[in-house]
1. On a full-extension model of 0.36 nm per residue, what is the gain between E32 and R7, subtracting their alpha-carbon distance, rounded to one decimal in nm?
2. Before I look further, what does the stretch 26-75 give for accessible area per residue, probe 1.4 Å, in whole square angstrom?
3. Between A73 and V58, what is the spin-label point distance in nm, taking each point 7 Å from the Cα along the Cα→C-beta axis?
4. Mind ordering 51-62, 2-13 by average Cβ neighbours within 10 Å, highest first?
Amino acid sequence: TNDISRRTYEHREGLFSGFTNGMASDAVYYEEHATAPKAIQREKNIKHWPRRWRIELVRKMNPEWRDLFDDIAQP
């Protein structure tokens, strides 16, 4: 997304239908990238990783798996 605050708010409030409906919407990990193509490629790469690699990626950034919504959503 080009607006992580907006996107996390939309997920939190269930403002659109889609894959995350009925699922936990905690934001436990995010990355920033200089360009949209770089961000898209990174997301595609991570989606193909084994689950344990993705879990380790979150643990390195956020060992307690706390919801980062308040850190992300700036007023």
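The values are calculated or read from the model by the stated rules, or taken from the named source; none is laboratory data. The model shown is predicted, which means the values in this text are computed figures rather than measured ones. Reconstructed Cβ throughout: ideal geometry from the backbone, glycine too, with neighbour counts over all protein chains shown. Please note that ligands, DNA and RNA were not included when accessible areas were found on the heavy atoms of the full protein model with its side chains. Shrake-Rupley method; radii C 1.70, N 1.55, O 1.52, S 1.80 Å.
1. Stretched fully, the E32-R7 segment lengthens by 7.6 nm.
2. 83 Å²
3. Once both label points are built, they end up 1.9 nm from each other.
4. For the peptides 51-62, 2-13, the packing ranking is 2-13, 51-62.
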